[in-house]
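I have placed the structure first, in the form of structure tokens, so that the comments after it can refer back to it.
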């Protein structure tokens, strides 16, 4: 029985029994889990999933479609990690379980192959991503998008495709890798040696935010190195069952950055920042990269984390229109990086600001990497909840530090007809730089 | 090859009857679903049910119970599954009835200060809802953000505020439940006084799902205290903290909470919350006083003086509501945070009369040394309810055995001091072995007689609290007796 042997080989990549055993099934995670909240069923809870993973790892339970479904139903938002007093690393467990599912029972699935192909060959390849983005831009600028949307032609093909099409982000006019110089010097005296990771999606779809980040960093005295040979951080692959490829990208980034001299590596995308901070852990058994990864990860900082420490150096004009502003925590900032107070501190320190707290601010918006595309209906339920909370605040601007959340909430504002502008905090700060 | 553990006892005919009773979408019997309802929050106990049911109304529950009587299978009710005595762990040949979807607050009566809820309402959510209109539901078990009112009533849950405000039973005005024979019992109501017949309501509270399945609960709510002061006192010596507690009680002050944490617990919590708890202190006390303005200030001053007299090395006062909440939330994570040291944390809740607290704390320290187990100790010092927690690994059978020996010792000492084996977690599976020692033979016999009259065929949560007939119950997971034979 060859398949069984390879299954058992595969199971070895699941976390060691000592780590799985750490969950003492107290259930304190249940209240924070968006999927458990939807179904009220134990199998959709972190505790239930860990119990299932443990049974699979111990060879007591077969890999099944139900198992696969629950692993993929999880948003991997890691709110349960924040809630877990015992310090169980749930995210890693579910991610490795996804690898096992994708490599075994779903190995022949068309959607798994396609997902892997797209992530490996389009998202991770800057050339290909720029090419596809170019096509998308053409689609958006030529009027074809408008035509399709107005005529609802896609609806005839597939209702879901018609809905998902609306998630297509607006492609930036110019991409960051050509906009941003490899070395950018500060406006005044050079005080901090920083490096910048411009991301894959940020590069083509949110190039303006990258530019804003550079401008804001320059204003507080940062000299910024942006290596041209940097690559995608690998998080989308890592979270979606392709850790092998993610680690390849990690090594490339380590090589690209560590040849430069810097103290802080700034990221403006929560997902990338979280994953790059995790390189140290992911590569701890790599004989060549373990030490380098440790150094690399120790320097990674989210842009708001960095700015919170340099608030006094931000010289801002008071905000002219006193609109109400709120903040949505990206899961990969709040739960993966435990950064919640810093962005709020910075935002509240902006002169002339009216800030209001968002109910359930740390509850996932449903974006969750590519979850909103591959599990559109499930994601929509989380989004609806998020939009209701945003609407309740009466805020005209919602700030959030992750491209995925930004795209999702923009889509939600349109879909649920909520009059709110979605901005990255650095964009707001950039506008007010004196 | 995979070890097949997927055998079932229940015949497929019974299963299809159950399925048609609740409908396809509310019936689950896959291996996965049975697996994830095989446990609750209690360490080391697990047993797979035959099926998991989400009934939609009282009538369906009634039908399930009638069928259980006919076909002789067991029914185990379950809320969020955060219990700590195995109360909702399935038994052999059983189905689990899950009530988490029954989560509506049906009525808030501001004139009578009552609230009518379905059993699946989460305790913390109920509290937030009533606090919005200036009212207060005091019982606050550690798992309040997850656990359900149905489970709270079934286990007579306590919590941090028990000292001043009492426990769940002090707030239950009425209960509706489906009896084991399928009848719907309604007892109690909005009357503040009611002596018509036996007091069935209080009898149901704490019956651990052995007498019926709770479907509605009427709760008393009270006005929210106007002012709250939260204090945190550090102690270099464990015994000083215990003496401080006794002195505060003796000074005729009733704080709303008085929580004790030992050094092991402090360090595990600090690892999780990182709020600057004193890692070197032997103990801390978290004290809260609430009520009307000036009285609260006076009480807190007296308490501070007593704390100082008992050599508290530092006394912190929470300056904001969020700081106070942070401290209480940190305390509530104690049990789970202890799992940072070792994966299997066996938590007990031996309780003694308050005057005996210093002795009990000493006995617990002694048991850890004597039986060579790591024990973290914390608990509701103000009401004598301690939570000594053995830090073990269930895969190490010898260690588990040592832990159980230590607890045998602790329970015996508690009983000697006039205490009890469980203050708020319930007897369930994990403490039934000790019940006779505490309640005496006549007491346990009376309980058994009541159970056998109400539940003739012993179908509802059998084997919990006490054993009636091994015939229906089958073999139970890891009992103390079995452990001793190892």
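The values are calculated or read from the model by the stated rules, or taken from the named source; none is laboratory data. Computed from a prediction, not measured in an experiment: that's the story for all the values here. Cβ atoms come from the backbone with ideal geometry, glycine included; neighbour counts cover every protein chain shown.
Structural remarks
- Helices (runs of 4 or more DSSP H) completely within the stretch A:230-283 that count 3 or more residues being at pLDDT 95 or above and touching a helix residue (DSSP H, G or I) at 6+ places or on another chain (Cβ under 7 Å): A:243-258, A:270-282
- Leading residue by the ranking (nearest to the other protein chains (Cβ to nearest Cβ)) among those in the stretch B:379-398 that are part of a loop (DSSP other than H, G, I, E, B) and closer than 21 Å to residue B:426 by Cβ: B:394
- Residue in the stretch B:369-391 that is at pLDDT below 90, over 14 Å from residue B:259 (Cβ atoms) and surrounded by fewer than 22 Cβ atoms within 10 Å (Cβ to Cβ) present: no
- The set of residues from the stretch B:329-349 being closer than 14 Å to residue A:85 by Cα, more than 8 Å from every other protein chain (Cβ to nearest Cβ) and out of contact with any strand residue (DSSP E or B) (no Cβ under 6 Å at 6 or more places or on another chain) comprises B:329, B:330, B:332.
- When restricted to residues that are over 24 Å from residue A:320 (Cβ atoms) and outside any loop (DSSP other than H, G, I, E, B), the stretch A:410-434 contains 4.
- Checking the stated criteria, residue B:307 turns out not to satisfy the condition of being buried (at least 22 other Cβ atoms within 10 Å of the Cβ), in contact with a strand residue (DSSP E or B) (Cβ under 6 Å, 6 or more places away or on another chain) and within 14 Å of chain A (Cβ to nearest Cβ).
- Among helices (runs of 4 or more DSSP H) entirely within the stretch B:1-106, having at least 3 residues that are over 30 Å from residue B:336 (Cα atoms) and not assigned by TED's automatic domain parsing to the domain that holds residue B:155 singles out B:12-22, B:58-71.
- Selection from the stretch A:383-409 of residues that are assigned to a helix (DSSP H, G or I) and over 19 Å from residue A:270 (Cα atoms): A:384, A:385, A:387, A:388, A:389, A:390, A:391, A:392, A:393
- Any chance residue B:195 is surrounded by fewer than 16 Cβ atoms within 10 Å (Cβ to Cβ) and either in a loop (DSSP other than H, G, I, E, B) or outside the structural domain of residue B:88 (by TED's automatic domain parsing) (or both): yes
- Yes/no for residue A:324 being assigned by TED's automatic domain parsing to the domain that holds residue A:404 and buried (at least 17 other Cβ atoms within 10 Å of the Cβ): no
- Single residue of the stretch B:261-284 satisfying the filter (under 16 Å from residue B:326 (Cα atoms) and outside any helix (DSSP H, G or I)) that is nearest to the other protein chains (Cβ to nearest Cβ): B:274
- The set of residues in the stretch B:135-192 being free of Cβ contacts under 8 Å to residues at least 40 places away in the same chain, surrounded by 24 or more Cβ atoms within 10 Å (Cβ to Cβ) and part of a strand (DSSP E or B) consists of B:177 alone.
- Residue in the stretch A:8-25 that is assigned to a helix (DSSP H, G or I), within 11 Å of chain B (Cβ to nearest Cβ) and over 25 Å from residue B:42 (Cβ atoms) present: yes
- Within the stretch A:38-152, helices (runs of 4 or more DSSP H) holding 2 or more residues that are closer than 22 Å to residue A:369 by Cβ and away from chain B (no Cβ under 14 Å): A:90-103, A:110-118, A:126-141
- Positions within the stretch B:68-96 being more than 14 Å from chain A (Cβ to nearest Cβ), farther than 15 Å from residue B:33 by Cα and touching a strand residue (DSSP E or B) at 6+ places or on another chain (Cβ under 8 Å), in sequence order: B:68, B:73, B:74, B:75, B:77, B:91, B:92, B:93
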